[in-house]
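One structure below.
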Amino acid sequence: MEGPIDVAIDKALLNQLLAGRHPQDLFTKGGLIDDLKKALSERMLAAELEDHLESEAEAGLGNRRNGSSKKTMLTGSSKLTLDIPRDRLGTFDPKLIAK
């Protein structure tokens, strides 16, 4: 089993994310932390669907993307409404946000 991944976030990117934001607003509802949680979660879900569609294509199934649906996810600090991607055949079952 692999060890933890060391993620170093570029300081220029952090400066860009923090530009124009009041420090007290970073952790509030709808603040930067919630925006990052939503963006990262939706990106991971999209990657999961992409992997799912690739494996179904290899199996000869003609499955493809079919929009998204909304789902509310409770985090440690807030509720986030995520766009959960769907597939045409309805076989996609995300691991990140279970049905």
(request) Count the lysine pairs in the chain whose Cα atoms lie under 13 Å apart, taking only pairs 8 or more positions apart in sequence or on different chains. (result) 11
(request) Compute the signed sum of charges (Lys and Arg +1, Asp and Glu -1) over the other residues within less than 12 Å, Cβ to Cβ, of G67. (result) +3
(request) Express the relative contact order of the chain as a whole percentage, based on alpha carbon pairs under 8 Å and six or more residues apart in sequence. (result) 24 percent
(message) Using only the alpha-carbon atoms of the stretch 27-80 as identical scatterers, what base-10 log of I(q)/I(0) does the Debye formula give at q = 0.23, 0.25 Å⁻¹?
(response) -0.88, -0.97
(request) State the antiparallel share, in %, of DSSP beta bridges confined to the chain, rounding to the nearest 5. (result) 100 percent
(message) Principal axis extents for the stretch 58-99, Cα atoms only, whole Å, descending order, please.
(response) 43, 17, 12
(message) Can you give the local net charge around S77? Use residues other than it whose beta-carbon is closer than 12 angstrom to its beta-carbon, Lys and Arg +1, Asp and Glu -1.
(response) +2
(message) Along the Cα→Cβ direction, 7 angstrom out, place labels at K29 and A46. What is the inter-label distance in nm?
(response) 2.7 nm
(request) Give me the number: length gained by fully extending L61 to S78, i.e. 0.36 nm times residue separation minus the C-alpha to C-alpha distance, one decimal in nm. (result) 2.3 nm
(request) Please tell me the relative contact order of the stretch 60-99 in percent, rounded to the nearest whole number, where contacts are Cα pairs under 8 Å and at least six residues apart. (result) 39 percent
(request) Could you please report the charge total around D34, scoring K, R as +1 and D, E as -1 over all other residues with beta-carbon less than 11 angstrom from its beta-carbon? (result) +2
(request) Determine, for each peptide in 86-98, 9-21, the mean count of other beta carbons within 10 angstrom over its residues, then list the peptides with the highest first. (result) 86-98, 9-21
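Just so you know, all these numbers are worked out from the coordinates, no wet-lab data involved. Keep in mind it's a predicted model, so treat the numbers as computed, not measured. Here the Cβ is made from the backbone with ideal geometry for all residues, glycine too, and neighbour counts use every protein chain on show.
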